[in-house]
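Take a look at the structure set out below.
The values are calculated or read from the model by the stated rules, or taken from the named source; none is laboratory data. Remember, it's a predicted structure, so these values are computed and weren't measured experimentally. Please note: Cβ atoms are built from the backbone with ideal geometry, for glycine as well, and neighbour counts cover all protein chains shown. These area figures cover heavy atoms from the full protein model, side chains too; ligands, DNA and RNA do not enter into them. Shrake-Rupley method; radii C 1.70, N 1.55, O 1.52, S 1.80 Å.
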Number of protein chains: 2
Amino acid sequence: MATIKDVALAAKVSVATVSRVLNETGYVHEDTRARVLKAMEELNYHPNEVARSLYKRESRLIGLLLPDITNPFFPQLARGVEDEIHRLGFRLIFGNSDENLEKELDYMQTFKQNHVVGVISATNYPDAPNYQDLSMPIVFLDRTGENAPAVFADSREGGRIAAAEMIKRNAKRITLIKGPAHLQTARDRFNGALDVLSGADIDFHVMKTETFSFPEAQKRAAELFGTYPETDGVIASNDIVATAVLHEALKRKIKVPDELQIIGFDDIPQSELLFPSLSTIRQPAYEMGKEAAKLLLRLMKNEYIEQSAVQMPVAFIERQTTRKAE
Amino acid sequence: MATIKDVALAAKVSVATVSRVLNETGYVHEDTRARVLKAMEELNYHPNEVARSLYKRESRLIGLLLPDITNPFFPQLARGVEDEIHRLGFRLIFGNSDENLEKELDYMQTFKQNHVVGVISATNYPDAPNYQDLSMPIVFLDRTGENAPAVFADSREGGRIAAAEMIKRNAKRITLIKGPAHLQTARDRFNGALDVLSGADIDFHVMKTETFSFPEAQKRAAELFGTYPETDGVIASNDIVATAVLHEALKRKIKVPDELQIIGFDDIPQSELLFPSLSTIRQPAYEMGKEAAKLLLRLMKNEYIEQSAVQMPVAFIERQTTRKAE
DNA sequence: TTGAAAGCGTTACCAC
DNA sequence: GTGGTAACGCTTTCAA
């Protein structure tokens, strides 16, 4: 790879001048600039980002930390982030944390050591020391820290909507599934649904799942129909769990949505591909990724930010696991 | 962040000595080493990777280029790669190419400018100039270049297996769906199935799809049942397309697998979640990612490599869209 | 066994 | 307008 020195030599100027045209900083004569540009072209010169980063103590890299890219909710977040930062010339150092604090620390270390200009993290431990006294801005995605910049969906409202839609559709014996207790978003969904259910004149039943894994969800779904066969409406903690419930219901030849209605949460891409396709509460994952990137970019520019906790709207997506509202 | 100089000062030695204990290179007295280690500890010193990278002209970063992380096949590849390189201390610069040559070039540029030590790319253009005369090793993943290092599944064999299983299960009027022509793997699947079908005494019908997108697949599936309603076995070009066919079949109240059998390709995670769950040809995506990483690591060490094109086995996964073999 | 100093490719300051 | 050069934080000769 050609260096700035090669360009200087070819253009018969000093490296300082080359640097000036490169960064469009300071004066340089039109003719000189042209010569330099030509030399760059000919030598196919591209500045060494590492050297730049060393001197300026910041790179063109952004750190992205997600629990597990293999979980279908996260790729969309990632994609949203990337699309937003890409045109500004930023690139991603990416890692999966498995919700493991050590791994997160490890990646935060990597980020610092590589001079990233900012980080976006979907961590369950936003208040851990990992994330204190950083020299670069950070925004939490799909998570919230104590008045730290964050982008997340209005989960509680999502829970409320799910319950309201279920009631509106005339379910009488509702099962509310509670997700993993360590996830704030899961708790919010649950509490939102509870807000509505407890105020309604309706029978309901709470069941919990420890994880969002399909195999566990399958087991719990089987139990559900064993212990509470008369349920006619399930508000699931997310789409994976909802899928397991749907699966089990179909296996038992329960008619969906006539005998049993199901509402999921997230609207992961495959929810639409199920048969019957899954009614759910949509989180705008891609947009959330974009929004997080935008927020980070503003933070990087040190802009004054009135409200750095941005809450994204959720919406009921009506598909085929719910009946028409009456 | 503390620098090597701070450590040297605190330990009352020169930076050269600190560097020696850091890299375990050259002699250094036990007592000195202890002092240095202690100073590092106290200052919470972590070497600046950027400075290292500048001098050594190589980083601890690996470039990963995938078409679209939002497509459920790719996260598994990514995860396999990451898990393999993580414990060796390597990290990922990640980008989505959208199968766009410009974007790929763009990312390759980024990779070089950041001194990555190697790249793993799932490109459709392995022979493009983008990938020639690189100063670092590259391995193609899920793709092949002309005798370039690569890791990919045995798609042709996969096609053969799909066709054989379909015949074994007594399908009589088979529909073979041909995937996007620009994808080598799609062509291979198709040709493999054709190998078997054309040698068998059986009716079959070929239909093509231009993309692997669900909406297009839905349209084509609808057409299929319109123009060839008597088909009783569909060999789809991948699981997304198979899902669309299943969807359409269920909508038309065609009994699966009694009246219609379906075999997909890939075994993406959601294939198991469908109802009925999808029989498919599995590509070991996670393992492919791992294998690609391993190969890259060996290439980086300049090991002699007998066979740098590693073909991974595929297998028939029997689920509920096929009948029991007779 | 240790330290001084050059060099990695840039940028930015200060002269001219 | 332009060039010389110190500095960014590290590794690696070379000498002592």
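Worth a mention:
- When the Cα gyration tensor is reduced to axis lengths a ≥ b ≥ c, the ratio a/c is 1.5 or higher for the range B:164-226, and with a/b not above b/c it is classed as oblate.
- The range B:175-183 - phi-based ³J(HN,Hα) in whole Hz, Karplus 6.51/-1.76/1.60, Gly and Pro as x: 10, 10, 9, 9, x, x, 5, 7, 9
- Cα-based Rg of the range B:247-309 normalised by 2.2 N^0.38 Å, two decimals: 1.80
- Dimensionless Rg ratio for the range B:53-157, taking C-alpha atoms and the 2.2 N^0.38 Å reference: 1.03
- Selection from A:Ser308, A:Ile85, A:Ser155, by position along the positive dipole direction of chain A (Cβ): A:Ile85
- By the Kirkwood approach, averaging reciprocal distances over each pair of separate Cα atoms, the range A:109-228 gets a hydrodynamic radius of 16.7 Å.
- Residues considered: B:Arg156, B:Arg189, B:Arg20. Largest GNM mean-square fluctuation over chain B, using C-alpha springs under 10 Å, is found at B:Arg20.
- Per residue accessible area of the protein assembly as shown, 1.4 Å probe, in Å²: 44
- Percent RCO, i.e. relative contact order, over the range B:155-283, from Cα pairs under 8 Å lying at least 6 residues apart: 25
- Expressed as a whole percent, the accessible surface of the protein assembly as shown that belongs to carbon and sulfur atoms is 49, based on a 1.4 Å probe.
- A point 7 Å from Cα along Cα→Cβ stands in for A:Met312, and the other copies hold the same point at 3.0 nm, listed in rising order.
- Amide hydrogen neighbours beyond the local backbone of A:Arg173, cut-off 5 Å, H modeled: A:Asp232, A:Gly233
- Cα-based shape type of the range B:216-266, given that a ≥ b ≥ c are square roots of the gyration tensor eigenvalues and the cut on a/c is 1.5: oblate
- What you get for chain A, charging only the Cβ of Lys and Arg (+1) and of Asp and Glu (-1), is a dipole of about 560 debye around the Cα centre.
- The GNM of chain A, with springs linking C-alpha atoms under 10 angstrom apart, assigns the highest mean-square fluctuation among A:Asp98, A:Asp232, A:Asp258 to A:Asp258.
- Entry note: the range B:4-56 has Rg to Rh equal to 0.95, where both radii use alpha-carbon atoms and Rh is the Kirkwood radius.
- Stokes-Einstein diffusion for the range A:155-283 at 20 °C, viscosity 1.002 mPa s, with a Kirkwood radius from C-alpha pairs, works out to 153 µm²/s.
- Relative to the longest principal axis of the Cα atoms of chain A, helix A:155-168 runs at roughly 30 degrees.
- GNM top mover of B:Thr280, B:Thr32, B:Thr231 - chain B, alpha-carbon springs below 10 Å: B:Thr32
- Ascending distances from the A:Lys301 label point to its copies in the other chains, with the point 7 Å along the Cα-to-beta-carbon line: 4.8 nm.
- As a calculated quantity, the FRET efficiency between A:Ala325 and A:Asp201 at R0 = 22 Å, using C-beta atoms, amounts to about 0.75.
- Overall dimensions of the range B:219-326 as given by Cα atoms, namely Rg and Dmax in Å: 18.2, 58
- DSSP-defined antiparallel bridges as percent of all bridges, the protein assembly as shown, nearest 5: 10
- Spread over its residues, the convex hull of the C-alpha atoms of chain A is 164 Å³ per residue.
- Computed on the Cα atoms alone, the convex hull of the protein assembly as shown gives a volume of 198 cubic angstrom per residue.
- Accessible surface buried by the B/A pair amounts to about 4400 Å², both sides summed, 1.4 Å probe.
- Take A:Gln184, move 7 Å from Cα toward the beta carbon, and the resulting point lies 4.7 nm from the same point in each other copy, nearest first.
- Dipole axis of the protein assembly as shown (+1 Lys, Arg; -1 Asp, Glu on Cβ), positive-most option in A:Val15, B:Ser271, A:Met1: A:Val15
- Estimated dipole of the protein assembly as shown in Debye, rounded to 20 [Cβ of Lys and Arg +1, of Asp and Glu -1, Cα centre]: 500
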